[in-house]
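Visitor: One structure, as structure tokens, below. Some questions next.
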Amino acid sequence: MVIDEATLKEVEELKKDCIVLAHNYQIPEIQDVADFIGDSLGLCRAAQRVDKPYILFCGVDFMAESAAMLNPDKTVLMPDLEAHCPMAAQLPAKLVREAREEHPDAAVVLYINTRLEARAEADVICTSANAVKIVKALPEKKIIFGPDANLAWHVQRHVKDKEIIPVPAKGHCITHLLFKPEHVEKAREEHPDAEVLIHPECTPEVQLLADYICSTEQMVKRARESSATEFIIGTEVGLIYRLQKEFPDKKFYPLYEKAVCRTMKMNTWEKFLTQLRERKNVVRVEPKIAERALLSLERMLELSK
Ligand code: SF4
């Protein structure tokens, strides 16, 4: 969709007191006007560095909650407050408490793609980029890991001397579950010189066929640093737009063009514009829960130094 000049001018004016953060999977129109584009943690860090009273967070619930937790003095908004990540919803706080009771000697490591109430029960948070490092750094030999069982498998593959217990047992991202081994085989046939970059939320069968297992930010880094000029991208298709824009001399192919996260795409241009103008969709976090969830995030920052 082409946005007319008058609207773009209005957006610039409205952004004078509002920072726009867009996740890598957002629609091109939102990415084009965002102040920062990145993964959930990168965006929260970006928000902390900017001195504006409003944050319009274009992503899903758990990301906006993180931004609100880290910026209690700012008003965090979402284009659509119903953008609930289905994977984060698979791990309610109750399930974490039950797992702890069952395995009292285990540390609880939760992927940042988790709602705040569950994170408040964790010992430490991780991202897909630092999950292996965090688990290795802990003294415990038993690790309760949630909610993504595929990321848990990736961690277990690289941390052989610990027992990783996925909670829930089959937690997953429905978008990354769409990728199948035959997509990798077909893409390699069509683009034999391309590097295959796969997100660790994909199934083990797909991960095993990758050249590199990467978080979205690691994919951007790999595209920047690699001498390869073609890449097959095994994550939500929204990242292709950012990659192609940042590296116009390289080529990026989606591993599967139908890998679209419906929740991320609930943030339409119209809803974005409405919130920039009206500022009604305020993300609220319970201060006590935020306080506890912050501890697990701070521990991650400490362990990933
Ligand atoms: S891509 Fe997966 S993990 Fe990310 S918001 Fe969509 S459903 Fe949730």
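The values are calculated or read from the model by the stated rules, or taken from the named source; none is laboratory data. Fair warning: this is a prediction, and the values are worked out from it, not measured in the lab. Note that each Cβ is placed from the backbone with ideal geometry, even for glycine, and that neighbours are counted across all protein chains shown.
Visitor: Looking at the range 167-216 only, could you name the residues that are within 14 Å of the ligand (Cβ to nearest atom) and part of a helix (DSSP H, G or I)?
Guide: Scanning the range 167-216 gives His176, Leu177, Leu178, Thr216.
Visitor: Please count how many residues of the range 113-127 are part of a loop (DSSP other than H, G, I, E, B) and either out of contact with any Leu (no Cβ under 9 Å at 6 or more places or on another chain) or within 13 Å of the ligand (Cβ to nearest atom) (or both).
Guide: 4
Visitor: Among the strands (runs of 3 or more DSSP E) confined wholly to the range 1-112, which include 1 or more residues that are in the same structural domain as Phe145 (by TED's automatic domain parsing) and surrounded by fewer than 22 Cβ atoms within 10 Å (Cβ to Cβ)?
Guide: 107-111
Visitor: Could I ask something else about it? From the list Glu185, Glu189, Glu246, Glu236, exactly one residue is surrounded by 18 or more Cβ atoms within 10 Å (Cβ to Cβ), outside the structural domain of Gly42 (by TED's automatic domain parsing) and charged (D, E, K, R). Which is it?
Guide: Every option except Glu236 fails the conditions.
Visitor: Now a separate question. What is the one condition in (1) in contact (Cβ under 8 Å) with a residue 24 or more places away in the chain; (2) buried (at least 24 other Cβ atoms within 10 Å of the Cβ); (3) aliphatic (A, V, I, L, M) that Ala152 does not satisfy?
Guide: (1)
Visitor: Restricting to the range 241-297, and then to whatever is part of a helix (DSSP H, G or I) and among the small types (Gly, Ala, Ser), can you tell me which residue is farthest from Ile3 (Cα to Cα)?
Guide: Among them, the one singled out is Ser296.
Visitor: A further question follows. Within the range 217-249, take every residue that is among the charged types (D, E, K, R) and touching a strand residue (DSSP E or B) at 6+ places or on another chain (Cβ under 7 Å) and give me the one that is farthest from the ligand (Cβ to nearest atom).
Guide: Checked the range 217-249; the qualifying residue farthest from the ligand (Cβ to nearest atom) is Glu230.
Visitor: Right, here's the next one. State which residue is surrounded by the most Cβ atoms within 10 Å (Cβ to Cβ) when the search covers only the range 257-282 and only residues that are under 18 Å from the mean Cα position of the chain (by Cα) and of a type in the set (A, V, I, L, M).
Guide: Checking each candidate, the answer is Ala259.
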